[in-house]
Amino acid sequence: SYRSELGPYGIDPASVLEQARARFANHAPAIRRTLAAATPEECLVQRLWTVPRLGSYVSGRRVLIGDAAHAMMPTLGRGACESLVDAVT
Ligand SMILES: Cc1cc2nc3c(=O)[nH]c(=O)nc-3n(C[C@H](O)[C@H](O)[C@H](O)COP(=O)(O)OP(=O)(O)OC[C@H]3O[C@@H](n4cnc5c(N)ncnc54)[C@H](O)[C@@H]3O)c2cc1C
């Protein structure tokens, strides 16, 4: 996943694929091969919403932690880890 100016509605998979190929042109060969082989018909394009960045996550005796404070991109696979770190902190 990556930040794009495309959308928010009626996102064209072919445009996304073209943008992704350009964006990841200098990445690992396996990534480039995968993007080169992909076709718009086989691609699922999904807009992801993120939570806004806040100045502070604390207000009086209340604190936001976990996904409520910082939703993670699905590709990161570490939202639960960060939530536990928040709780300990
Ligand atoms: C498909 C998928 C795969 C994932 N894989 C990973 C992974 O491999 N590794 C990793 O670290 N993270 C992973 N995550 C992310 C991880 O699950 C979340 O980041 C984590 O669960 C966030 O914890 P949380 O306590 O902040 O929120 P949640 O787990 O969403 O807990 C919020 C709780 O609040 C409850 N709630 C909501 N509204 C109210 C209300 N009004 N009153 C009372 N209760 C309410 C909800 O029912 C829920 O139980 C994955 C997430 C998904 C969806």
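No lab work stands behind these numbers, since they all come straight from the coordinates. Since this is a predicted model, take the numbers as computed values, not measurements. No Cβ is skipped: glycine too gets one built from the backbone with ideal geometry, and neighbour counts run over all protein chains shown.
Data overview
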| read-out | value |
| --- | --- |
| Using alpha-carbon coordinates, inclination of helix 13-23 to the longest axis of the chain, degrees | 80 degrees |
| Tilt relative to the chain, helix 79-88 - C-alpha long axis, 0 to 90 degrees, to 10 | 20 degrees |
| Value of D in µm² per second that Stokes-Einstein yields for the chain, Kirkwood Rh from Cα pairs, at 4 °C (1.567 mPa s) | 82 µm²/s |
| Mean shadow area of the stretch 1-47 over all directions, Cα convex hull, nm² | 3.2 nm² |
| Options Leu76, Ile65, Thr89, ranked by Cα towards positive dipole end of the chain, top entry (Cβ charges) | Thr89 |
